Amino acid sequence: MITKTVIKDYVSKRCPYLAKMELEDKTLVQLLENSIDSRKKYQELALEEKEISNGSAEDDEGFNLPEILRDYPHLTKVIKRYERSLPKNAVEQLIEEYNDDQIVSKISRIYWENKYGKDNCRRCDINEDGEEFLTQNAIIHLTNKYLNDPSVKVIFEGQIEYQDLRARFDVLIKNDDGSFDIVEVKGTNDVFKHPGKAPEIDTGIKEKYLYDLLFQYHIYLKVHPNIRSLFYMYTNRDYEIKKESYPISDEELNDFFILKDFINLKDGTISIRKYFDSDGYIDEKLSEEEKEEISIEGIISKIHEIEKEVRVYPKMSYFCRKGPACPFISMCFGEEAEQPNSIFKLTNWGQYGGYFGRTAKLINDGVTKISDINPETYEFSPNKKNGDLSNAHTQIMYQKGQIKEKYLLDMKKIEEILKRDYMNENIDYLLFFDFESFQYPIPLVKHTGPWKQVVSQYSMHIVRKDYDLSKHNFDQGEGGGCKHYEFIANPDETKYENPSIALYQTLKSQLEEFGIDPFAKNYRVVVFNQNFEKTRMNEFVNDFATIADVNLLQFVRNFNENVVDLLDFFTSGGMYCRDFNGRGSLKVVQPTLADDIDVKKFYKNRLPFDLGYSLDYHKGDKCLVYNGGICLDLYKSLLVRSHLGEENPKLKTKDLLAEALAYCKIDSWGTVVIYDIIKNVYLGNLKLDALAK
């Protein structure tokens, strides 16, 4: 059976093997099992990619487990069985209880129930007791029943089949003239491409959503030719809550949703004319081959060919490594796909000298190993345009065995960055700083929109120029010219108030407490990947321009201007380690450096505490927050719990917030350690197995 999931995945990934798995339930079960086993493994990589892109809320084009379960509801039992077998700590259980990935679908149904009356609306995926159906036949039976029931005006979660094609719709509306309107609900505000990216498509709709719509319409025309219009219903990025009500007050639903009429046969307009289908709507200027390539009928035909094959082999493509990499990559290419020499491990981040186009060409050319790359043929030059060492080229040289030492150091570049941003005579303090934020499909606090990043927490280690870590007490967070400060908003106290103002007010007062003038230029704010922190601060200045105190806004501007990026040492080629394997996130750099045998030996007798312990996210049995995903999910779960007026005496908000603070402290402390390692390497105190340029 060909479903929307098969169509969308094939269009975006062109992987016949994945299409074959999704067409056959037995193989799909194996695929689902693997997705669960891989979930935690890929969580940090997904967060890293998200941070690189400034935390965009754009839907992940990777494997969409919830959507597959929607097309194959009976497999929910499989997922639940395996999820029950996975151990979960108290925080993970709380997150599972309060994080609702179907929240937009739920409130969209309230929107239509308010408009047409709840008694006139029906769901096809639940029985009379409100229990979800796990069989296709039951859903199809109810769909046909409600389609023929004149008292039912709106149908939710129905299913229509034509031959071997199956389409699940979100909302179907019966019009008075006997025609139908179909509404596709999207829990995102990124339905469209950025302006100018695709001028040939009138609406600029993203391809994966476009074919979702076309596939549904293709089936509806075959079964119910009296379809009048197709709509997209998606979240309004400019919506802000006015009434404190969870999830959203009924009177504000009209402001929260945007309805876009894409296909209106009554008016004779089809806004996606060129890409529609082979019924006369494809641009006649295209060749027959091009028409076949982009038409929905052509796509269905290709999938039919795949379905007939006894055995289908995977097509190696750039999608296999698209961040986060496909969790089933080892099923296709074996264990070699996970090895450092795999082409899928080649850095693709432009700041490192790796580029999407070059990597895609390598993969499409069938190059499977980094060591097989000819740097000249594929234009991986030793230096980037600005003269910095290219990490992509360095990664290739390592895999070719042309560099034997563990590290490659560009001492000139390290000196340049240190004297510019850290050891400058005009700099008296270094503030090692790390934000934590959350986002949700609906706003959980005021002055923010759907999927908007909300900063709720930070950790900061303030270090004097003459600091001495040998006199520092990590647990107490002070000593040796280094002091730890932190902040986290308590959802039970702030309720619907945006935590941003209190966060920056606290930050300002803590600088003053340490003796720093918040408006001065004699301190630097050291972050790891400045894109995230600087973007959040810019958003605050813009979004709170008429809300926050002018003095506070000026402080945030100055704090932002003082930001320097510790990542510069690694994007410039100043320091490269073989074990980075082309990556440069904090969760890669910090443990790699800290686990180095020479680094361990250097700090063993130098610090009054165990360096490894101070950098460990998994300390003891009480460590409930051990990665960034859990940290942000915990906070929004506590917000939802507070909005619902619920509590759990065994899981007190105060105690859980302390867990989040402990996690964030390790992040900012990790940047202190990275800087101290680099500084001591530069001063000649710490000797590494390195080739120095």
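The values are calculated or read from the model by the stated rules, or taken from the named source; none is laboratory data. This structure is a prediction, so every number in the text was calculated from the model and none was measured. Here the Cβ positions follow ideal geometry from the backbone for every residue, glycine too, while neighbour counts run over all protein chains shown.
Assorted remarks:
- Scanning segment 527-558 for residues that are farther than 18 Å from VAL454 by Cα and of a type in the set (Phe, Trp, Tyr) yields a count of 2.
- Unique match (being of a type in the set (Phe, Trp, Tyr) and in a loop (DSSP other than H, G, I, E, B)) among TYR635, TYR626, TYR675: TYR626
- When segment 6-22 is filtered for residues that are buried (at least 20 other Cβ atoms within 10 Å of the Cβ), part of a helix (DSSP H, G or I) and not β-branched (Val, Ile, Thr), the ones remaining, listed by number, are LYS8, ASP9, TYR10, LYS13, LEU18, ALA19, LYS20, MET21, GLU22.
- Positions within segment 67-114 being loosely packed, with under 15 Cβ neighbours inside 10 Å, outside any helix (DSSP H, G or I) and touching a helix residue (DSSP H, G or I) at 6+ places or on another chain (Cβ under 9 Å), in sequence order: LEU86, LYS88, ASN99, ASP101, GLN102
- Checklist (1) modelled with pLDDT under 95; (2) in contact with a Phe, Trp or Tyr (Cβ under 9 Å, 6 or more places away or on another chain); (3) not aliphatic (A, V, I, L, M) applied to SER572, failing item: (2)
- Whichever residue in segment 242-276 is in contact with a strand residue (DSSP E or B) (Cβ under 9 Å, 6 or more places away or on another chain), surrounded by 15 or more Cβ atoms within 10 Å (Cβ to Cβ) and of a type in the set (A, V, I, L, M) and, among such residues, is modelled with the highest pLDDT: ILE258
- Qualifying residue in segment 310-317 (condition: at pLDDT 80 or above, surrounded by 14 or more Cβ atoms within 10 Å (Cβ to Cβ) and within 29 Å of TYR232 (Cβ to Cβ)): yes
- The residues of segment 68-103 that are more than 30 Å from ASN137 (Cα to Cα), in contact (Cβ under 8 Å) with a residue 60 or more places away in the chain and not β-branched (Val, Ile, Thr), listed by number, are ASN89, ALA90, GLU92, LEU94, TYR98.
- Scanning segment 486-512 for residues that are in a loop (DSSP other than H, G, I, E, B) and surrounded by fewer than 17 Cβ atoms within 10 Å (Cβ to Cβ) gives ASN490, LYS495, GLU497.
- The condition (being in contact (Cβ under 8 Å) with a residue 12 or more places away in the chain, within 26 Å of LYS452 (Cα to Cα) and either hydrophobic (A, V, I, L, M, F, W, C) or touching a Gly at 6+ places or on another chain (Cβ under 7 Å) (or both)) is satisfied by just one residue among LEU686, LEU638, LEU615: LEU638.
- Failed item, numbered, when GLU307 is tested on (1) surrounded by fewer than 19 Cβ atoms within 10 Å (Cβ to Cβ); (2) closer than 16 Å to THR368 by Cβ: (2)
- Residue within segment 14-29 that is within 21 Å of the chain's Cα centre (by Cα) and modelled with pLDDT of 75 or more present: no
- Of the criteria (1) free of Cβ contacts under 8 Å to residues at least 60 places away in the same chain; (2) crowded, with 20+ Cβ neighbours inside 10 Å; (3) under 16 Å from VAL91 (Cα atoms), which one CYS664 fails: (1)
- Listed here are the helices (runs of 4 or more DSSP H) enclosed by segment 528-601 that have at least 2 residues being in contact with a Pro (Cβ under 8 Å, 6 or more places away or on another chain): 550-561.
- Single match in GLU436, GLU416 (criterion: surrounded by fewer than 20 Cβ atoms within 10 Å (Cβ to Cβ), at negative phi and not β-branched (Val, Ile, Thr)): GLU416
- Only residues that are assigned to a loop (DSSP other than H, G, I, E, B), within 18 Å of GLU513 (Cβ to Cβ) and aromatic (Phe, Trp, Tyr) were counted across segment 429-485, and they come to 1.
- From the list ASP119, ASP170, ASP190, ASP164, the one residue that fits, being within 23 Å of ASP261 (Cβ to Cβ), out of contact with any Lys or Arg (no Cβ under 7 Å at 6 or more places or on another chain) and at pLDDT 90 or above, is ASP170.
- Within segment 136-152, residues that are in the same structural domain as SER179 (by TED's automatic domain parsing) sit with their Cβ atoms under 6 Å from residues that are surrounded by 17 or more Cβ atoms within 10 Å (Cβ to Cβ) and among the hydroxyl-bearing types (Ser, Thr, Tyr), at 6+ positions apart or across chains, in these pairs: VAL152/TYR146.
- Sub-7 Å Cβ pairs linking a first residue in segment 347-359 that is touching a residue at least 40 places away in the same chain (Cβ under 8 Å) to a second residue that is of a type in the set (Lys, Arg), at least 6 apart or interchain, are THR347/ARG583; GLY353/LYS384, ordered by first then second residue.
- Of all the numbered requirements in (1) in a helix (DSSP H, G or I); (2) buried (at least 19 other Cβ atoms within 10 Å of the Cβ); (3) of a type outside the set (D, E, K, R); (4) touching a Lys or Arg at 6+ places or on another chain (Cβ under 6 Å), THR394 misses one, and that requirement is (4).
- Only residues that are surrounded by fewer than 20 Cβ atoms within 10 Å (Cβ to Cβ) and touching a residue at least 24 places away in the same chain (Cβ under 8 Å) were counted across segment 538-547, and they come to 4.
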